[in-house]
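Read the structure below first, then the notes.
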Amino acid sequence: MNQHLPALLLALPIGGAFLAPLACSLGKKLRNIFYLTVSLLTLICAVMIFLETSAGKILVYVMGAENFALTLPSGMAFPVRIILEMDAFSGLMVLCVAIASFAGALFSVNYMDKFSGLKRFISLYFLLVLGALGMCATGDLFNFFVFVEISSIASYGLAAFWRDKPESIEASFKYMMLSQVGALLLLVAVGTLYGKYNAINIGALASMLQTGVLEKIVLAMFIAILAFKCGAFPMHAWLPDVYSEAPSGVTCLLVSVSQASFYGLMRICFTLYGTNPANVTAAWILITLGCASMFFGVMMAVIQHDVKRLMGYHSISQVGYMLLAMGVGLYTLSDAVLLAEYGFTAMKGGIFHLFNYSMFKGLLFLTAGALYYATGTRDLDKMGGLARSMPWTTVMFMIGAAAISGLPPFSGFASKWLIYESSFAIHPILPVVALLTSILTLASFVKVFQTAFLGASKISLAPVREVPVGMLCGMGLLSILILFVSFFPNIFVSGVADPSASGLIDQAGYINAVLGGVK
Amino acid sequence: MTGNMIFTVIALLMLISLVALVTQKNLIKICIALSILGASVNFLLVALGYRSGGAVPIHYLAGDNKVMVLPTPQCLTLTAIVIALATTALMYSLIVMIYKHYGTIEIDKIRRLRG
Amino acid sequence: MRPMSLIVVTLNKVFAWFMILFGSLVIMNGHNTPGGGFQGGAVVATFVCFMLVAYGGKKFFTWVHTPIYSGLETFGLLAFFVFACLGFPNSFTYNFLAVPAITSTGGLIMGEVWGGWLPSCGTISLMNIAVGFEVVGALSLAVIEMYEGTHIDDAHFGGECGHDR
């Protein structure tokens with residue numbers, strides 16, 4: 001059964017999405033059990049894949065073939081079927097998405113309980129999970145486009161779920177307009193590569209990619225679209241809107257979904273283009289985008305009064321860290337000495353930060369949702385003294401806030417430290433920007449903590465109680481993971497970030513897994 | 001020259017839709033522009049898969065003709081069309097809701113989210 | 001939406017049913033000819049549009065029961081999913097029913113004229129039919145819901161109507 005894991009990983013959320021209308025007609029209790037069971041099964045599947053891939057194995061799965069490992073049927077030179085291919089980095093991403101989806105599901109069970117239309121909600125939720133998992137699992141570019149579209153369509157629906165709020169409709173429409181243009185340009189890029197090389201499999205394309213103007217244009221398109229999807233600075237306008245207007249359990253998942261786009265960007269830069277000379281320019285573009293996102297994201301976050309919107313802008317700045325780290329890694333990719341010297345460290349830092357970011361950002365959005373659930377407002381000026389009435393939420397917010405601002409014992413510090421020390425080798429201004437961002441992040445979260453949780457209790461907030469146990473479980477899961485990673489960063493870096501980074505630079509291994517013939 | 005005519009048409013369509021996307025203020029017109037963009041991309045995919053003198057890419061219908069039109073871009077196009085249909089339907093539904101909430105479909109008057 | 005004139009209604013009575021027939025044809029032949037589940041399903045779903053346009057909203061909604069379309073959609077999706085899962089000993093979505101027209105020795109089972117015979121498509125035609133059901137349900141539902149969402153028939157057109165928050 002282990003060989004079928006990649007297909008099961010996608011089959012479970014598909015089945016969940018299709019069965020949701022039936023399960024929801026069976027009553028409230030069975031619906032909740034169904035929702036949690038499917039999420040949990042997906043998580044178990046993802047953990048098994050993660051364990052297999054982090055041991056250095058590349059999982060290949062051919063859809064619809066007589067044998068799941070038959071990548072080249074009847075002696076063809078190139079793969080013709082839909083192929084799923086997962087290395088250690090994909091395994092890590094799949095794990096992030098699955099954890100976030102399970103935490104979001106736990107949170108949503110209570111959070112969404114009083115609303116109607118939950119049958120559509122659960123369907124769309126699983127489709128969003130499917131899209132994100134598929135983006136990390138797929139081995140060819142066209143399926144990447146399809147999964148991007150599945151996740152986008154599901155997220156339009158979920159962002160506009162509270163359709164009686166004009167803001168959520170507006171956010172959803174804005175995102176849809178921009179995202180559709182982006183997706184169509186992604187299709188143009190895939191089609192252009194297909195027109196030249198007659199292949200859409202990433203491994204097959206990587207094995208015969210030449211250097212030329214066309215490849216540069218295509219790479220530029222990929223970078224523009226996928227950086228837009230993960231919310232880098234000049235294309236960030238949709239991100240705070242959608243993150244703040246979607247229901248909080250979904251926002252926790254959306255964070256991971258945009259990380260899946262980031263995964264796609266890395267897959268294209270590292271695996272598809274590899275040591276292609278176009279990548280040196282690409283590396284500088286990534287570094288510039290990263291610095292701009294970090295700085296401007298946090299500058300706009302500082303002035304916000306809406307708690308979820310504030311966290312949305314922080315997402316932009318955190319994505320900047322990863323772009324910076326991976327840009328540094330990409331810059332050194334064609335030079336083995338520099339790569340060993342600091343490039344590999346940067347990639348480890350970036351991947352470590354990616355995992356941390358999915359966890360603490362998800363947690364912070366869930367705590368913001370808990371605040372909204374308890375007080376009925378997202379405006380920081382109307383909150384105050386909530387630490388007395390919501391002790392658990394306060395503790396978990398503190399864990400998340402400490403992790404995102406990189407206070408020393410927490411997980412954010414370890415990953416940011418790796419990024420500082422490696423980006424210093426490229427240019428000393430880069431860690432300065434990163435440090436400044438970190439300080440401003442701390443300032444901004446101290447402000448939130450001060451206004452929402454400390455101070456005198458407001459009379460209007462007297463009836464506020466702690467949120468239900470399901471929501472606490474969702475937040476608790478992420479908090480425990482953050483604490484675990486914070487206390488044992490060494491285990492995580494050597495056991496997870498290291499194989500992921502080496503999987504990412506091992507272009508030949510990725511190509512061989514597809515073109516190597518039947519194993 | 002005539003061989004590349006189709007790509008000229010595609011480029012023109014793309015240009016029309018991108019210009020419309022930037023200049024138009026009416027949401028319905030923006031949706032139409034997006035549909036044109038989608039159509040032009042599908043055009044591009046099908047045109048890339050064409051081989052001159054090629055036959056239908058079905059084994060028993062192709063006959064003795066050795067050159068076949070590539071089937072993969074046609075599959076891609078079909079998938080893209082289905083996706084475009086779903087998004088178009090969703091988009092027009094959202095426009096209906098926007099009209100209900102704001103009383104207008106002019107894009108510069110729909111500005112509640114900012115800052 | 002008001003009912004349209006007698007001419008439209010009469011034409012509709014005669015010809016609208018053919019859309020269902022033609023759509024079914026496209027669905028059933030999807031494995032062998034251009035078309036398939038999605039295209040045929042879209043043609044069948046135009047029947048609902050015809051009815052809505054010709055007879056108007058009031059009369060139309062006395063005939064239509066949305067749970068039926070929801071049921072069609074769910075049934076189609078689940079059927080597709082089951083067919084996909086049945087291939088699991090080999091691989092997900094494996095075509096477990098197909099009988100290849102060319103045998104392992106290179107000869108054709110049924111001779112040259114039978115190229116593309118029905119058993120060679122296996123689950124493809126079954127999946128096409130499943131997709132057809134799904135698309136019929138989903139597109140009809142989309143048309144109905146979008147029409148209902150506009151509230152053209154309601155007196156309080158343009159009012160706020162939302163969730164039970």
Report every pair of residues separated by at least 6 positions or lying on different chains whose Cβ atoms are under 6 Å apart, first residue within the stretch C:134-158 and away from chain B (no Cβ under 11 Å) and closer than 14 Å to residue C:65 by Cβ, second modelled with pLDDT of 75 or more and not in a loop (DSSP other than H, G, I, E, B).
C:137/C:69; C:137/C:72; C:137/C:73; C:140/C:45; C:140/C:48; C:140/C:69
Sort out which residues of the stretch B:72-114 are within 7 Å of chain A (Cβ to nearest Cβ) and not in a helix (DSSP H, G or I), and write them in order of number.
B:110, B:112, B:113
Can you work out which of the residues in the stretch B:74-109 that are of a type in the set (Ser, Thr, Tyr) and under 21 Å from residue A:163 (Cα atoms) is surrounded by the most Cβ atoms within 10 Å (Cβ to Cβ)?
B:87
Top-ranked residue of the stretch A:480-510 - restricted to ones that are polar (S, T, N, Q) and closer than 25 Å to residue A:332 by Cα, ranked as surrounded by the fewest Cβ atoms within 10 Å (Cβ to Cβ)
A:490
Can we say residue A:145 is part of a helix (DSSP H, G or I), at pLDDT below 95 and buried (at least 24 other Cβ atoms within 10 Å of the Cβ)?
yes
Here, helices (runs of 4 or more DSSP H) confined to the stretch A:402-501 with at least 2 residues that are closer than 19 Å to residue A:316 by Cα and of a type in the set (A, V, I, L, M) are A:429-448
Any residue in the stretch A:195-212 that's farther than 20 Å from residue B:76 by Cβ and touching a residue at least 24 places away in the same chain (Cβ under 8 Å): show its pairings with residues that are surrounded by fewer than 16 Cβ atoms within 10 Å (Cβ to Cβ) and not polar (S, T, N, Q) at Cβ separation under 7 Å, as long as the two are six or more apart or on different chains.
A:211/A:277
Starting from residues that are part of a loop (DSSP other than H, G, I, E, B) and modelled with pLDDT of 85 or more, keep the ones in the stretch C:30-74 and report whichever is nearest to residue C:147 (Cα to Cα).
C:64
Please go through (1) away from every other protein chain (no Cβ under 11 Å); (2) in contact (Cβ under 8 Å) with a residue 40 or more places away in the chain; (3) farther than 30 Å from residue C:99 by Cα for residue A:27 and return the number of the only condition it doesn't satisfy.
(2)
Could you tell me how many of the residues in the stretch A:423-450 are of a type in the set (S, T, N, Q) and modelled with pLDDT under 90?
2
Turns out the helices (runs of 4 or more DSSP H) fully within the stretch A:180-276 with at least 2 residues that are within 14 Å of chain B (Cβ to nearest Cβ) and farther than 24 Å from residue A:99 by Cβ are A:202-208, A:213-229, A:238-245
Can you tell me which of (1) over 26 Å from residue A:246 (Cβ atoms); (2) touching a Gly at 6+ places or on another chain (Cβ under 6 Å); (3) at pLDDT below 90 is the one residue A:412 doesn't meet?
(1)
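Table: residues versus (1) more than 10 Å from every other protein chain (Cβ to nearest Cβ); (2) in contact with a strand residue (DSSP E or B) (Cβ under 6 Å, 6 or more places away or on another chain); (3) at pLDDT below 90; (4) loosely packed, with under 13 Cβ neighbours inside 10 Å.
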| residue | (1), (2), (3), (4) |
| --- | --- |
| B:9 | yes, no, no, no |
| B:13 | yes, no, no, no |
| B:47 | no, no, yes, no |
| B:52 | yes, no, yes, yes |
| B:57 | yes, yes, yes, no |
| B:69 | yes, no, yes, no |
Whichever residue in the stretch A:159-171 is closer than 26 Å to residue A:224 by Cβ and either basic (Lys, Arg) or more than 14 Å from chain C (Cβ to nearest Cβ) (or both) and, among such residues, is surrounded by the fewest Cβ atoms within 10 Å (Cβ to Cβ)
A:170
Take the conditions in a helix (DSSP H, G or I), within 14 Å of chain C (Cβ to nearest Cβ) and of a type outside the set (Gly, Ala, Ser) and apply them to residue A:106. Does it pass?
no
Sole exception among (1) surrounded by 23 or more Cβ atoms within 10 Å (Cβ to Cβ); (2) outside any helix (DSSP H, G or I); (3) charged (D, E, K, R) for residue A:114, by number
(1)
Just to be sure I understand the filter: pairs with C-beta atoms under 9 Å, separated by 6 or more residues or on different chains, first member in the stretch A:98-121 and over 16 Å from residue A:363 (Cβ atoms) and of a type in the set (Phe, Trp, Tyr), second member at pLDDT 90 or above and not in a loop (DSSP other than H, G, I, E, B). Which pairs pass?
A:115/A:121; A:121/A:20; A:121/A:108; A:121/A:157; A:121/A:158; A:121/A:250
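The values are calculated or read from the model by the stated rules, or taken from the named source; none is laboratory data. This is a predicted model, so every value here is computed, not measured. No Cβ is skipped: glycine too gets one built from the backbone with ideal geometry, and neighbour counts run over all protein chains shown.
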